[in-house]
1. Hey, if you put +1 on the Cβ of every Lys and Arg and -1 on every Asp and Glu Cβ in the chain, which of G129, Q231, A152 ends up farthest toward the positive end of that dipole?
2. Let me check against my output: what whole-number percent is the relative contact order of the chain, with C-alpha pairs under 8 Å and at least 6 apart?
3. Counting only other residues whose beta carbon sits under 13 Å from that of P43, what net charge do I get with K and R as +1, D and E as -1?
4. What does the charge add up to near L26, with Lys and Arg as +1, Asp and Glu as -1, over the other residues with Cβ less than 14 Å from its Cβ?
5. Quick check on packing: order 353-361, 226-234 by the mean number of other C-beta atoms within 10 Å, highest mean leading.
6. Hydropathy first: keep DSSP H helices in the chain averaging at least -0.5 on Kyte-Doolittle, then drop any whose Cα extent along the axis falls short of 30 Å, and list what survives.
7. Label region 262-351 by shape, choosing from rounded, prolate and oblate, from the square roots a ≥ b ≥ c of the eigenvalues of the Cα gyration tensor; if a/c is under 1.5 it is rounded, and otherwise prolate applies when a/b is larger than b/c, oblate when it is not.
8. Of the DSSP beta bridges with both residues in the chain, give the percent that are antiparallel, rounding to the nearest 5.
Amino acid sequence: MSTAFDVVVIGAGPGGYIAAIRAAQLGFSTACIDEWKNEKGGPAPGGTCTNIGCIPSKALLQSSENFEAAGHHFADHGIGVGNLTIDVAKMMARKNAVVKQNNDGIVYLFKKNKIQFFHGRGSFLKKVGGGYEIAVAGAKPQTLMAKHVIVATGSNARPLSGATFDEKSVLSNDGALAIDHVPKTLGIVGSGVIGLEMGSVWRRLGAQVTILEALPDFLGAVDTQIAGEAQKAFTRQGLKVVLGVKISAVTPADGAVSVAYTDAAGTAQTLVCERLIVSIGRVPNTTGLNAEAVGLVLDERGFVSVDADCRTNLENVWAVGDVVRGPMLAHKAEEEGAAVAERIAGQKPHVDFNTVPWVIYTHPEIAWVGQTEQQLKAAGREFRAGTFPFMANGRARAMGDTTGMVKVLADAKSDEILGVHIIGPMASELIAEAAVAMEFRASAEDIGRICHAHPSLSEALKEAALAVDKRALNF
Ligand SMILES: Cc1cc2nc3c(=O)[nH]c(=O)nc-3n(C[C@H](O)[C@H](O)[C@H](O)COP(=O)(O)OP(=O)(O)OC[C@H]3O[C@@H](n4cnc5c(N)ncnc54)[C@H](O)[C@@H]3O)c2cc1C
(Lines give C-alpha, C1' and ligand atoms only; values in the text may rest on other atoms or scores of the structure.)
Protein backbone atom coordinates (compact mmCIF):
# COMPACT_ATOMS: atom_id res chain seq x y z
CA MET A 1 0.00 0.00 0.00
CA SER A 2 1.35 3.41 -0.98
CA THR A 3 2.05 5.96 1.75
CA ALA A 4 2.92 8.93 -0.51
CA PHE A 5 0.04 10.96 -1.91
CA ASP A 6 -0.62 14.10 -3.90
CA VAL A 7 -3.43 14.99 -1.49
CA VAL A 8 -4.05 13.87 2.10
CA VAL A 9 -7.34 14.97 3.66
CA ILE A 10 -7.67 14.94 7.45
CA GLY A 11 -11.33 14.39 8.38
CA ALA A 12 -14.06 12.57 6.45
CA GLY A 13 -17.03 14.80 7.23
CA PRO A 14 -18.84 16.50 4.33
CA GLY A 15 -15.93 18.93 3.84
CA GLY A 16 -13.26 16.23 3.87
CA TYR A 17 -14.86 13.35 2.00
CA ILE A 18 -16.11 15.60 -0.80
CA ALA A 19 -12.65 17.21 -1.08
CA ALA A 20 -11.13 13.72 -1.35
CA ILE A 21 -13.59 12.59 -4.03
CA ARG A 22 -13.09 15.75 -6.11
CA ALA A 23 -9.29 15.46 -5.79
CA ALA A 24 -9.43 11.84 -6.94
CA GLN A 25 -11.74 12.78 -9.84
CA LEU A 26 -9.13 15.34 -10.92
CA GLY A 27 -6.49 12.61 -11.09
CA PHE A 28 -4.62 13.13 -7.80
CA SER A 29 -3.51 10.16 -5.70
CA THR A 30 -5.60 10.80 -2.59
CA ALA A 31 -5.86 9.57 0.99
CA CYS A 32 -8.40 10.47 3.65
CA ILE A 33 -7.85 9.98 7.39
CA ASP A 34 -10.74 9.91 9.86
CA GLU A 35 -10.90 8.84 13.48
CA TRP A 36 -14.68 8.46 14.03
CA LYS A 37 -15.56 5.06 15.50
CA ASN A 38 -18.86 3.20 15.24
CA GLU A 39 -20.18 1.23 18.23
CA LYS A 40 -17.94 -1.72 17.26
CA GLY A 41 -14.82 0.45 17.07
CA GLY A 42 -14.77 0.34 13.27
CA PRO A 43 -14.63 3.35 10.94
CA ALA A 44 -17.69 5.56 10.51
CA PRO A 45 -16.84 8.16 7.85
CA GLY A 46 -19.20 11.09 7.39
CA GLY A 47 -18.25 13.21 10.39
CA THR A 48 -20.65 15.10 12.59
CA CYS A 49 -23.13 15.45 9.73
CA THR A 50 -23.59 11.72 9.19
CA ASN A 51 -23.04 10.40 12.71
CA ILE A 52 -24.51 12.94 15.13
CA GLY A 53 -25.80 15.83 13.03
CA CYS A 54 -27.78 16.41 9.84
CA ILE A 55 -28.66 12.82 9.01
CA PRO A 56 -29.74 11.33 12.39
CA SER A 57 -31.59 14.54 13.33
CA LYS A 58 -33.58 14.41 10.08
CA ALA A 59 -34.34 10.71 10.65
CA LEU A 60 -35.80 11.51 14.08
CA LEU A 61 -37.61 14.60 12.78
CA GLN A 62 -39.28 12.41 10.13
CA SER A 63 -40.29 9.72 12.67
CA SER A 64 -41.70 12.26 15.10
CA GLU A 65 -43.49 14.16 12.30
CA ASN A 66 -45.13 10.92 11.18
CA PHE A 67 -46.21 10.29 14.79
CA GLU A 68 -47.69 13.76 15.12
CA ALA A 69 -49.44 13.51 11.75
CA ALA A 70 -50.95 10.16 12.68
CA GLY A 71 -52.12 11.50 16.04
CA HIS A 72 -53.41 14.90 14.98
CA HIS A 73 -53.81 15.24 11.21
CA PHE A 74 -54.76 11.86 9.73
CA ALA A 75 -58.28 12.20 11.19
CA ASP A 76 -58.87 15.24 8.89
CA HIS A 77 -58.37 12.86 5.95
CA GLY A 78 -60.85 10.36 7.39
CA ILE A 79 -58.07 8.03 8.51
CA GLY A 80 -58.45 6.48 11.95
CA VAL A 81 -55.40 4.94 13.57
CA GLY A 82 -56.76 3.78 16.92
CA ASN A 83 -54.44 3.70 19.88
CA LEU A 84 -51.21 5.38 18.82
CA THR A 85 -47.93 4.22 20.40
CA ILE A 86 -44.30 5.11 19.91
CA ASP A 87 -41.54 2.52 20.21
CA VAL A 88 -38.52 4.75 20.92
CA ALA A 89 -36.05 1.85 20.69
CA LYS A 90 -37.29 1.02 17.19
CA MET A 91 -37.24 4.67 16.15
CA MET A 92 -33.60 4.90 17.33
CA ALA A 93 -32.69 1.63 15.58
CA ARG A 94 -34.11 3.04 12.33
CA LYS A 95 -32.12 6.24 12.84
CA ASN A 96 -28.95 4.19 13.43
CA ALA A 97 -29.63 2.18 10.27
CA VAL A 98 -30.01 5.41 8.25
CA VAL A 99 -26.67 6.62 9.66
CA LYS A 100 -25.00 3.31 8.75
CA GLN A 101 -26.34 3.48 5.17
CA ASN A 102 -24.62 6.86 4.87
CA ASN A 103 -21.35 5.61 6.45
CA ASP A 104 -21.37 2.64 4.05
CA GLY A 105 -22.14 4.94 1.13
CA ILE A 106 -18.97 6.94 1.81
CA VAL A 107 -16.85 3.77 2.16
CA TYR A 108 -18.22 2.71 -1.25
CA LEU A 109 -17.46 6.13 -2.78
CA PHE A 110 -13.87 5.99 -1.47
CA LYS A 111 -13.40 2.58 -3.12
CA LYS A 112 -15.05 3.71 -6.36
CA ASN A 113 -12.75 6.73 -6.57
CA LYS A 114 -9.62 4.76 -5.48
CA ILE A 115 -9.15 6.91 -2.37
CA GLN A 116 -7.12 5.22 0.36
CA PHE A 117 -8.88 5.48 3.71
CA PHE A 118 -6.94 5.42 6.98
CA HIS A 119 -8.84 4.94 10.24
CA GLY A 120 -7.25 6.88 13.08
CA ARG A 121 -6.13 10.32 14.16
CA GLY A 122 -4.14 12.30 11.63
CA SER A 123 -1.57 14.82 12.84
CA PHE A 124 1.23 16.90 11.35
CA LEU A 125 4.74 15.56 12.00
CA LYS A 126 6.94 17.93 10.01
CA LYS A 127 7.49 19.73 6.75
CA VAL A 128 9.80 17.87 4.43
CA GLY A 129 11.20 18.81 1.01
CA GLY A 130 8.15 18.57 -1.23
CA GLY A 131 5.37 18.40 1.37
CA TYR A 132 4.38 17.22 4.81
CA GLU A 133 4.70 14.10 6.91
CA ILE A 134 1.40 13.11 8.47
CA ALA A 135 1.16 10.54 11.26
CA VAL A 136 -1.87 8.26 11.47
CA ALA A 137 -2.42 7.00 15.02
CA GLY A 138 -4.86 4.11 14.86
CA ALA A 139 -4.96 0.33 14.92
CA LYS A 140 -2.15 0.40 12.31
CA PRO A 141 0.04 3.45 13.02
CA GLN A 142 1.82 4.77 9.95
CA THR A 143 3.35 7.84 8.40
CA LEU A 144 2.07 9.32 5.15
CA MET A 145 3.75 11.81 2.83
CA ALA A 146 1.52 14.51 1.35
CA LYS A 147 2.22 17.13 -1.30
CA HIS A 148 -1.03 18.90 -0.34
CA VAL A 149 -2.92 18.63 2.96
CA ILE A 150 -6.59 19.54 3.39
CA VAL A 151 -7.62 20.00 7.03
CA ALA A 152 -11.33 19.21 7.50
CA THR A 153 -11.48 18.34 11.18
CA GLY A 154 -14.88 19.94 11.86
CA SER A 155 -16.31 21.12 15.15
CA ASN A 156 -17.59 19.97 18.53
CA ALA A 157 -20.55 21.06 20.66
CA ARG A 158 -19.79 24.09 22.85
CA PRO A 159 -20.34 23.27 26.54
CA LEU A 160 -22.13 25.67 28.88
CA SER A 161 -19.79 26.98 31.52
CA GLY A 162 -20.42 25.03 34.73
CA ALA A 163 -22.43 22.25 33.03
CA THR A 164 -20.28 19.38 31.77
CA PHE A 165 -21.85 17.10 29.16
CA ASP A 166 -22.42 13.76 30.90
CA GLU A 167 -24.69 12.59 28.01
CA LYS A 168 -27.05 11.15 30.64
CA SER A 169 -28.87 14.18 31.97
CA VAL A 170 -26.89 17.07 30.46
CA LEU A 171 -26.77 16.31 26.75
CA SER A 172 -24.94 17.61 23.70
CA ASN A 173 -26.42 16.93 20.26
CA ASP A 174 -24.85 13.47 20.56
CA GLY A 175 -26.90 12.50 23.63
CA ALA A 176 -29.96 14.40 22.38
CA LEU A 177 -30.10 12.04 19.40
CA ALA A 178 -29.99 8.94 21.60
CA ILE A 179 -32.50 9.49 24.45
CA ASP A 180 -33.97 6.05 25.19
CA HIS A 181 -37.49 7.13 26.20
CA VAL A 182 -39.73 10.17 25.87
CA PRO A 183 -38.80 12.40 28.82
CA LYS A 184 -41.75 14.00 30.61
CA THR A 185 -39.91 17.32 30.73
CA LEU A 186 -37.06 18.48 28.51
CA GLY A 187 -35.06 21.68 28.93
CA ILE A 188 -33.01 23.08 26.08
CA VAL A 189 -30.44 25.84 26.37
CA GLY A 190 -30.25 27.73 23.07
CA SER A 191 -33.03 28.36 20.55
CA GLY A 192 -30.84 28.00 17.45
CA VAL A 193 -31.32 25.46 14.69
CA ILE A 194 -30.29 22.41 16.74
CA GLY A 195 -32.31 23.46 19.82
CA LEU A 196 -35.47 24.00 17.79
CA GLU A 197 -35.08 20.77 15.80
CA MET A 198 -34.40 18.62 18.87
CA GLY A 199 -37.15 20.42 20.82
CA SER A 200 -39.57 19.66 17.99
CA VAL A 201 -38.67 15.95 17.93
CA TRP A 202 -39.32 15.38 21.64
CA ARG A 203 -42.33 17.71 21.89
CA ARG A 204 -44.05 15.81 19.07
CA LEU A 205 -43.47 12.59 20.97
CA GLY A 206 -45.03 14.00 24.15
CA ALA A 207 -42.32 15.80 26.16
CA GLN A 208 -43.05 19.16 27.72
CA VAL A 209 -40.27 21.26 26.21
CA THR A 210 -38.88 24.56 27.53
CA ILE A 211 -36.19 26.38 25.57
CA LEU A 212 -34.07 28.95 27.40
CA GLU A 213 -32.47 31.55 25.13
CA ALA A 214 -29.99 34.21 26.25
CA LEU A 215 -30.72 36.63 23.40
CA PRO A 216 -33.68 39.01 23.63
CA ASP A 217 -34.97 38.19 20.13
CA PHE A 218 -36.24 34.90 18.75
CA LEU A 219 -34.20 33.66 15.75
CA GLY A 220 -32.32 36.94 15.42
CA ALA A 221 -30.49 35.85 12.25
CA VAL A 222 -33.77 35.09 10.46
CA ASP A 223 -35.85 37.73 8.63
CA THR A 224 -37.88 39.38 11.41
CA GLN A 225 -41.24 38.78 9.74
CA ILE A 226 -40.48 35.08 9.24
CA ALA A 227 -39.11 34.76 12.80
CA GLY A 228 -42.36 36.28 14.11
CA GLU A 229 -44.43 33.73 12.15
CA ALA A 230 -42.22 30.94 13.46
CA GLN A 231 -42.58 32.06 17.05
CA LYS A 232 -46.38 32.09 16.71
CA ALA A 233 -46.40 28.63 15.12
CA PHE A 234 -44.10 27.08 17.73
CA THR A 235 -46.05 28.64 20.61
CA ARG A 236 -49.30 27.19 19.17
CA GLN A 237 -47.61 23.79 19.12
CA GLY A 238 -46.77 24.08 22.82
CA LEU A 239 -43.02 24.70 22.48
CA LYS A 240 -42.20 27.13 25.28
CA VAL A 241 -39.41 29.59 24.43
CA VAL A 242 -38.13 31.92 27.18
CA LEU A 243 -36.02 34.79 25.83
CA GLY A 244 -33.43 37.00 27.53
CA VAL A 245 -32.42 34.48 30.21
CA LYS A 246 -29.17 34.43 32.13
CA ILE A 247 -28.27 31.00 33.49
CA SER A 248 -26.48 30.98 36.84
CA ALA A 249 -26.30 27.26 37.70
CA VAL A 250 -27.04 23.85 36.24
CA THR A 251 -27.34 21.08 38.84
CA PRO A 252 -27.98 17.48 37.86
CA ALA A 253 -29.41 15.44 40.76
CA ASP A 254 -31.60 12.34 41.22
CA GLY A 255 -32.53 11.80 37.58
CA ALA A 256 -33.38 15.46 36.98
CA VAL A 257 -31.57 18.66 36.13
CA SER A 258 -32.24 21.95 37.86
CA VAL A 259 -31.43 25.12 35.92
CA ALA A 260 -31.30 28.37 37.89
CA TYR A 261 -31.68 31.49 35.75
CA THR A 262 -32.94 35.05 35.76
CA ASP A 263 -35.58 35.94 33.19
CA ALA A 264 -35.70 39.07 31.01
CA ALA A 265 -37.29 41.03 33.88
CA GLY A 266 -34.41 40.03 36.17
CA THR A 267 -36.55 37.69 38.28
CA ALA A 268 -34.88 34.53 39.59
CA GLN A 269 -36.43 31.35 38.13
CA THR A 270 -35.74 27.62 38.24
CA LEU A 271 -36.44 25.07 35.52
CA VAL A 272 -36.46 21.44 36.63
CA CYS A 273 -36.37 18.94 33.79
CA GLU A 274 -35.68 15.26 33.26
CA ARG A 275 -33.09 15.96 30.58
CA LEU A 276 -31.25 19.13 29.53
CA ILE A 277 -29.93 19.62 25.99
CA VAL A 278 -27.25 22.29 25.66
CA SER A 279 -27.12 23.64 22.09
CA ILE A 280 -25.31 26.98 22.31
CA GLY A 281 -23.14 26.67 19.24
CA ARG A 282 -20.08 24.74 18.18
CA VAL A 283 -16.34 25.20 18.51
CA PRO A 284 -13.71 24.33 15.89
CA ASN A 285 -11.90 21.04 16.43
CA THR A 286 -8.14 21.07 16.04
CA THR A 287 -7.39 18.73 18.94
CA GLY A 288 -4.72 16.23 18.02
CA LEU A 289 -3.83 17.92 14.73
CA ASN A 290 -0.44 18.99 16.13
CA ALA A 291 -0.75 22.30 14.29
CA GLU A 292 2.19 23.73 16.22
CA ALA A 293 4.62 21.14 14.74
CA VAL A 294 4.39 22.89 11.36
CA GLY A 295 3.35 26.38 12.52
CA LEU A 296 -0.26 26.21 11.24
CA VAL A 297 -1.89 29.44 12.42
CA LEU A 298 -5.23 29.39 14.28
CA ASP A 299 -7.22 32.56 14.93
CA GLU A 300 -8.15 33.87 18.38
CA ARG A 301 -11.31 31.72 18.43
CA GLY A 302 -9.45 28.52 17.55
CA PHE A 303 -10.46 28.33 13.85
CA VAL A 304 -7.75 27.51 11.32
CA SER A 305 -6.96 30.89 9.72
CA VAL A 306 -7.68 30.86 5.99
CA ASP A 307 -8.11 33.37 3.18
CA ALA A 308 -11.19 33.55 0.95
CA ASP A 309 -9.85 30.54 -1.03
CA CYS A 310 -9.29 28.34 2.08
CA ARG A 311 -5.49 28.74 1.93
CA THR A 312 -3.80 28.56 5.34
CA ASN A 313 -0.55 30.33 6.21
CA LEU A 314 1.37 27.21 5.07
CA GLU A 315 2.20 26.45 1.46
CA ASN A 316 -0.05 23.68 0.09
CA VAL A 317 -2.02 23.33 3.34
CA TRP A 318 -5.72 24.12 3.03
CA ALA A 319 -8.64 24.02 5.48
CA VAL A 320 -12.39 23.75 4.87
CA GLY A 321 -15.74 23.36 6.64
CA ASP A 322 -16.59 23.95 10.30
CA VAL A 323 -12.93 24.28 11.29
CA VAL A 324 -12.71 27.58 9.35
CA ARG A 325 -14.71 30.84 9.36
CA GLY A 326 -18.17 31.07 7.81
CA PRO A 327 -21.48 29.28 8.33
CA MET A 328 -21.25 25.89 10.05
CA LEU A 329 -23.27 24.03 7.44
CA ALA A 330 -22.59 20.71 5.72
CA HIS A 331 -23.21 22.07 2.22
CA LYS A 332 -20.86 25.03 2.82
CA ALA A 333 -18.19 22.51 3.89
CA GLU A 334 -18.83 20.45 0.74
CA GLU A 335 -18.57 23.46 -1.58
CA GLU A 336 -15.29 24.51 0.03
CA GLY A 337 -13.94 20.94 -0.15
CA ALA A 338 -14.66 20.60 -3.87
CA ALA A 339 -13.35 24.11 -4.57
CA VAL A 340 -10.02 23.44 -2.81
CA ALA A 341 -9.44 20.26 -4.82
CA GLU A 342 -10.09 22.27 -7.99
CA ARG A 343 -7.70 25.05 -6.87
CA ILE A 344 -4.97 22.42 -6.30
CA ALA A 345 -5.62 21.41 -9.93
CA GLY A 346 -5.11 25.03 -11.02
CA GLN A 347 -8.80 25.79 -11.59
CA LYS A 348 -10.54 28.96 -10.37
CA PRO A 349 -13.79 27.96 -8.60
CA HIS A 350 -15.78 30.42 -6.49
CA VAL A 351 -17.92 29.82 -3.40
CA ASP A 352 -20.42 32.63 -2.79
CA PHE A 353 -21.50 32.69 0.88
CA ASN A 354 -24.39 35.01 -0.07
CA THR A 355 -26.11 32.22 -1.97
CA VAL A 356 -25.59 29.51 0.67
CA PRO A 357 -29.10 28.44 1.71
CA TRP A 358 -30.05 28.01 5.37
CA VAL A 359 -32.71 25.61 6.61
CA ILE A 360 -34.37 24.84 9.93
CA TYR A 361 -36.20 21.51 9.65
CA THR A 362 -38.99 22.27 12.11
CA HIS A 363 -42.64 22.22 11.19
CA PRO A 364 -43.26 24.58 9.52
CA GLU A 365 -39.83 24.47 7.92
CA ILE A 366 -37.87 27.71 7.67
CA ALA A 367 -35.44 28.37 4.82
CA TRP A 368 -33.72 31.40 3.42
CA VAL A 369 -31.01 32.58 1.10
CA GLY A 370 -29.46 36.03 0.75
CA GLN A 371 -30.20 39.13 2.78
CA THR A 372 -32.94 39.66 5.37
CA GLU A 373 -35.15 42.76 5.40
CA GLN A 374 -33.35 44.05 8.52
CA GLN A 375 -29.93 43.58 6.88
CA LEU A 376 -31.02 45.52 3.78
CA LYS A 377 -32.42 48.33 5.93
CA ALA A 378 -29.22 48.48 8.00
CA ALA A 379 -27.19 48.67 4.77
CA GLY A 380 -29.44 51.46 3.44
CA ARG A 381 -30.28 49.40 0.34
CA GLU A 382 -33.56 50.32 -1.32
CA PHE A 383 -35.69 47.26 -1.94
CA ARG A 384 -39.21 46.08 -2.67
CA ALA A 385 -40.80 43.12 -0.87
CA GLY A 386 -43.39 40.65 -2.14
CA THR A 387 -45.06 38.06 0.07
CA PHE A 388 -47.45 35.22 -0.67
CA PRO A 389 -49.17 33.08 1.99
CA PHE A 390 -49.40 29.29 1.65
CA MET A 391 -53.05 29.74 2.70
CA ALA A 392 -53.67 30.92 -0.89
CA ASN A 393 -51.73 28.05 -2.53
CA GLY A 394 -53.82 25.17 -3.89
CA ARG A 395 -51.27 22.43 -3.23
CA ALA A 396 -50.77 23.57 0.37
CA ARG A 397 -54.55 23.50 0.89
CA ALA A 398 -54.74 20.01 -0.60
CA MET A 399 -51.94 18.91 1.73
CA GLY A 400 -53.68 20.54 4.69
CA ASP A 401 -50.46 22.43 5.45
CA THR A 402 -51.12 26.12 4.94
CA THR A 403 -49.04 27.78 7.68
CA GLY A 404 -46.49 30.31 6.49
CA MET A 405 -45.47 32.33 3.47
CA VAL A 406 -42.83 33.09 0.88
CA LYS A 407 -41.17 36.49 0.92
CA VAL A 408 -39.04 37.84 -1.93
CA LEU A 409 -36.83 40.91 -1.50
CA ALA A 410 -35.63 42.61 -4.67
CA ASP A 411 -33.59 45.71 -5.45
CA ALA A 412 -35.89 48.71 -5.84
CA LYS A 413 -34.36 49.76 -9.16
CA SER A 414 -32.77 46.74 -10.87
CA ASP A 415 -35.30 44.20 -9.45
CA GLU A 416 -32.39 41.79 -8.74
CA ILE A 417 -33.41 39.28 -6.07
CA LEU A 418 -31.53 40.08 -2.86
CA GLY A 419 -33.11 37.55 -0.51
CA VAL A 420 -35.82 34.88 -0.36
CA HIS A 421 -37.36 33.78 2.94
CA ILE A 422 -39.75 30.89 3.32
CA ILE A 423 -41.66 29.49 6.26
CA GLY A 424 -43.97 26.65 5.36
CA PRO A 425 -44.26 23.17 3.87
CA MET A 426 -41.12 21.84 2.10
CA ALA A 427 -39.31 25.17 2.50
CA SER A 428 -36.06 23.15 2.48
CA GLU A 429 -36.76 22.02 -1.09
CA LEU A 430 -38.33 25.26 -2.35
CA ILE A 431 -35.30 27.35 -1.37
CA ALA A 432 -33.20 25.62 -4.05
CA GLU A 433 -35.03 27.51 -6.81
CA ALA A 434 -34.29 30.79 -5.06
CA ALA A 435 -30.60 29.87 -4.66
CA VAL A 436 -30.35 29.05 -8.39
CA ALA A 437 -32.09 32.31 -9.29
CA MET A 438 -29.75 34.35 -7.08
CA GLU A 439 -26.65 32.54 -8.37
CA PHE A 440 -27.73 33.60 -11.89
CA ARG A 441 -28.56 37.09 -10.56
CA ALA A 442 -32.16 36.77 -11.64
CA SER A 443 -34.75 39.50 -11.11
CA ALA A 444 -38.05 38.97 -9.31
CA GLU A 445 -39.71 39.45 -12.71
CA ASP A 446 -37.66 36.52 -14.11
CA ILE A 447 -39.18 34.17 -11.50
CA GLY A 448 -42.61 35.70 -12.01
CA ARG A 449 -42.43 34.97 -15.76
CA ILE A 450 -41.31 31.33 -15.41
CA CYS A 451 -44.04 28.70 -15.81
CA HIS A 452 -44.40 26.74 -12.53
CA ALA A 453 -46.33 23.46 -12.34
CA HIS A 454 -49.86 23.64 -10.95
CA PRO A 455 -50.75 22.76 -8.30
CA SER A 456 -47.37 22.98 -6.62
CA LEU A 457 -45.87 24.70 -3.60
CA SER A 458 -43.36 26.34 -5.94
CA GLU A 459 -46.19 28.52 -7.30
CA ALA A 460 -45.99 30.39 -3.97
CA LEU A 461 -42.45 31.51 -4.90
CA LYS A 462 -43.63 32.67 -8.34
CA GLU A 463 -46.54 34.54 -6.73
CA ALA A 464 -44.28 36.19 -4.11
CA ALA A 465 -41.98 37.29 -6.95
CA LEU A 466 -45.00 38.77 -8.78
CA ALA A 467 -46.05 40.44 -5.51
CA VAL A 468 -42.78 42.42 -5.57
CA ASP A 469 -44.42 44.33 -8.45
CA LYS A 470 -47.81 44.24 -6.64
CA ARG A 471 -49.27 41.84 -9.18
CA ALA A 472 -49.73 38.51 -7.42
CA LEU A 473 -52.51 36.69 -9.25
CA ASN A 474 -53.97 34.43 -6.58
CA PHE A 475 -53.94 36.72 -3.55
C1 LIG B 1 -27.54 18.06 15.54
C2 LIG B 1 -26.95 18.71 14.32
C3 LIG B 1 -27.73 18.87 13.20
C4 LIG B 1 -27.20 19.46 12.06
N5 LIG B 1 -28.00 19.60 10.98
C6 LIG B 1 -27.52 20.19 9.86
C7 LIG B 1 -28.33 20.30 8.71
O8 LIG B 1 -29.49 19.88 8.70
N9 LIG B 1 -27.78 20.87 7.61
C10 LIG B 1 -26.49 21.35 7.59
O11 LIG B 1 -26.05 21.87 6.58
N12 LIG B 1 -25.70 21.25 8.68
C13 LIG B 1 -26.17 20.67 9.81
N14 LIG B 1 -25.36 20.53 10.89
C15 LIG B 1 -23.96 21.03 10.80
C16 LIG B 1 -23.08 20.03 10.03
O17 LIG B 1 -23.13 18.79 10.69
C18 LIG B 1 -21.65 20.55 9.98
O19 LIG B 1 -21.65 21.85 9.42
C20 LIG B 1 -20.79 19.64 9.10
O21 LIG B 1 -20.76 18.33 9.61
C22 LIG B 1 -19.37 20.19 9.00
O23 LIG B 1 -18.62 19.34 8.18
P24 LIG B 1 -17.03 19.20 8.33
O25 LIG B 1 -16.62 18.25 7.28
O26 LIG B 1 -16.43 20.53 8.37
O27 LIG B 1 -16.80 18.57 9.78
P28 LIG B 1 -17.37 17.31 10.53
O29 LIG B 1 -18.62 16.82 9.94
O30 LIG B 1 -17.39 17.67 11.97
O31 LIG B 1 -16.28 16.17 10.28
C32 LIG B 1 -14.99 16.25 10.80
C33 LIG B 1 -14.41 14.84 10.83
O34 LIG B 1 -13.02 14.94 11.12
C35 LIG B 1 -12.67 13.93 12.05
N36 LIG B 1 -11.44 14.38 12.72
C37 LIG B 1 -11.26 15.47 13.49
N38 LIG B 1 -9.96 15.59 13.85
C39 LIG B 1 -9.33 14.54 13.28
C40 LIG B 1 -7.97 14.13 13.25
N41 LIG B 1 -7.00 14.83 13.83
N42 LIG B 1 -7.67 13.00 12.58
C43 LIG B 1 -8.63 12.28 11.95
N44 LIG B 1 -9.92 12.64 11.93
C45 LIG B 1 -10.25 13.76 12.58
C46 LIG B 1 -13.88 13.83 12.95
O47 LIG B 1 -13.89 12.60 13.63
C48 LIG B 1 -15.01 13.96 11.92
O49 LIG B 1 -15.33 12.70 11.39
C50 LIG B 1 -25.85 19.91 12.04
C51 LIG B 1 -25.05 19.74 13.17
C52 LIG B 1 -25.58 19.15 14.29
C53 LIG B 1 -24.69 18.97 15.48
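1. Sorting the options by dipole projection puts first G129.
2. Relative contact order, the chain: 14 percent.
3. Overall, the nearby charge balance is +2.
4. +3
5. Per-residue Cβ counts within 10 Å, averaged per peptide and sorted highest first, yield 226-234, 353-361.
6. 88-112
7. Taking the square roots of the gyration eigenvalues as a ≥ b ≥ c, region 262-351 is prolate.
8. Roughly 65 percent of the beta bridges in the chain run antiparallel, per DSSP.
The values are calculated or read from the model by the stated rules, or taken from the named source; none is laboratory data. All of these numbers come straight from a predicted model, not from anything done at the bench. Cβ sites come from the backbone with ideal geometry, for glycine too, and all protein chains shown count toward neighbours. To get the accessible areas, we keep the full protein, side chains included, count just its heavy atoms, and leave off ligands, DNA and RNA. Shrake-Rupley method; radii C 1.70, N 1.55, O 1.52, S 1.80 Å.
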